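S.K.: One structure, pasted below without further comment.
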Amino acid sequence: MTDISSNAPQRTRSAKRGTEFLLYFSLIFVLAIPFATVFWLLEVFQKQTLNLHGPLARAWAEADRITPLIFSA
C-alpha cells in the first residue's frame, strides 16, 4: 500500500488564477480584440472563406498565450 500523504501531488501554479491574473488577462484580451479583428478580416479576404477562428477566439488565444508569460518572468 502506498502512502501518498507524505508525498502528495503539488498543485501547479497555472491552476490557481488569482485576481491579478484575471485583471491582466482581461486587459490583454480587450486590447487584442481590434488587432484580431483586422487580421481575421484580412485572412477572410485572402482565403475567401469564413471557416476560420473568429476574432474573439483569436483574441482569447493571444491573451491566454501572453498572460502566463508575464507571470513567469
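Read-outs throughout are calculated quantities, based only on the coordinates presented, and are distinct from any laboratory measurement. All values reported here derive from a predicted model rather than from experimental measurement. Counting neighbours? That spans all protein chains shown, and the Cβs are built from the backbone with ideal geometry, glycine included.
S.K.: Between LEU56 and LEU27, what is the spin-label point distance in nm, taking each point 7 Å from the Cα along the Cα→C-beta axis?
M.R.: Each label point is offset 7 Å from its Cα along the Cβ direction, giving 2.4 nm.
S.K.: OK, next. For a quick protection proxy, order the peptides 35-46, 57-68 by their average other-Cβ count within 10 Å, most packed first.
M.R.: Values: 35-46: 13.2, 57-68: 16.3.
Ranked from most to least packed, the peptides come out as 57-68, 35-46.
S.K.: Take the eigenvalues of the Cα gyration tensor for the stretch 26-72, scale each by 5, and report the square roots as semi-axes in whole Å, largest first.
M.R.: Values: eigenvalues 111, 18, 11 Å².
The equivalent ellipsoid of the stretch 26-72 has semi-axes of 24, 9, 7 Å.
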